[in-house]
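What follows is a short report on a single structure.
The values are calculated or read from the model by the stated rules, or taken from the named source; none is laboratory data. Everything quoted here is computed from the prediction, not taken from an experiment. For neighbour counting, all protein chains shown are included, and Cβ atoms are generated from backbone atoms with ideal geometry for every residue, glycine included. Surface accessibility is based on the protein's heavy atoms, side chains included, excluding ligands, DNA and RNA. Shrake-Rupley method; radii C 1.70, N 1.55, O 1.52, S 1.80 Å.
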Amino acid sequence: MAKRGPMPSFATIDDYIAQYPKEIQDKLQELRAIIKEAAPDAEEMINYKVPSFTLVPNGKRDQQIMMAAYAKFIGFYPFPTTMEAFSDDLKAYKQGKGSVQFPYDKPFPKALIQQMVRFRKKELSK
């Protein structure tokens with residue numbers, strides 16, 4: 001696991017992922033691929049020191065989907081309106097206002113994640 005203390009800064013998502021053990025790297029790469037499959041034109045960047053995917057060109061924080069690795073789960077941040085729209089589908093997962101926790105020991109709900117990404121992208125295009 002990453003060292004305790006202040007979160008280092010990273011230039012790229014690859015740099016962020018590289019700090020973790022192989023098992024976590026694999027999960028992060030898998031979630032990254034799921035997001036990119038749903039939004040192939042999303043621009044990858046680091047924002048708030050975590051991997052972010054802009055859903056509109058030059059998107060601000062609220063126009064991005066983010067992910068971050070923690071000790072026991074990967075946090076996925078699709079935005080509060082997306083969480084609300086998919087609240088019934090997410091009941092099996094621990095959640096925050098704009099986030100959901102995917103434990104390392106369970107497979108990602110790929111179809112659900114992609115629906116959420118597409119929903120948010122469509123919401124931003126209005």
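Yes or no: region 62-85 includes at least one residue that is of a type in the set (S, T, N, Q), in a loop (DSSP other than H, G, I, E, B) and touching a residue at least 12 places away in the same chain (Cβ under 8 Å). Taking every residue of region 62-85 in turn, none turns out to be of a type in the set (S, T, N, Q), in a loop (DSSP other than H, G, I, E, B) and touching a residue at least 12 places away in the same chain (Cβ under 8 Å). One residue stands out in region 87-107 among those that are among the aromatic types (Phe, Trp, Tyr) and surrounded by fewer than 18 Cβ atoms within 10 Å (Cβ to Cβ): the one that is farthest from Asp15 (Cα to Cα), namely Tyr93. Those residues that are among the small types (Gly, Ala, Ser) and either buried (at least 16 other Cβ atoms within 10 Å of the Cβ) or out of contact with any strand residue (DSSP E or B) (no Cβ under 9 Å at 6 or more places or on another chain) (or both), I need them from region 11-58; list them, please. Within region 11-58, Ala18, Ala33, Ala38, Ala39, Ala42, Ser52 qualify. List every residue pair whose Cβ atoms sit under 6 Å apart, with the two residues 6 or more apart in sequence or on different chains, where the first one lies in region 22-43 and is on the phi < 0 side of the Ramachandran plot and the second, anywhere, is part of a helix (DSSP H, G or I) and open to solvent by less than 50 Å² (accessible area, probe 1.4 Å). Correct list of pairs: Gln25/Ile17; Leu28/Ile17; Ile34/Ile113; Ile35/Val117; Ala38/Gln114; Ala38/Val117; Ala39/Val117. Answer yes or no as to whether Lys110 is closer than 24 Å to Ser9 by Cβ and either modelled with pLDDT under 95 or open to solvent by 10 Å² or more (accessible area, probe 1.4 Å) (or both). Judged against the criteria, Lys110 is not a match.
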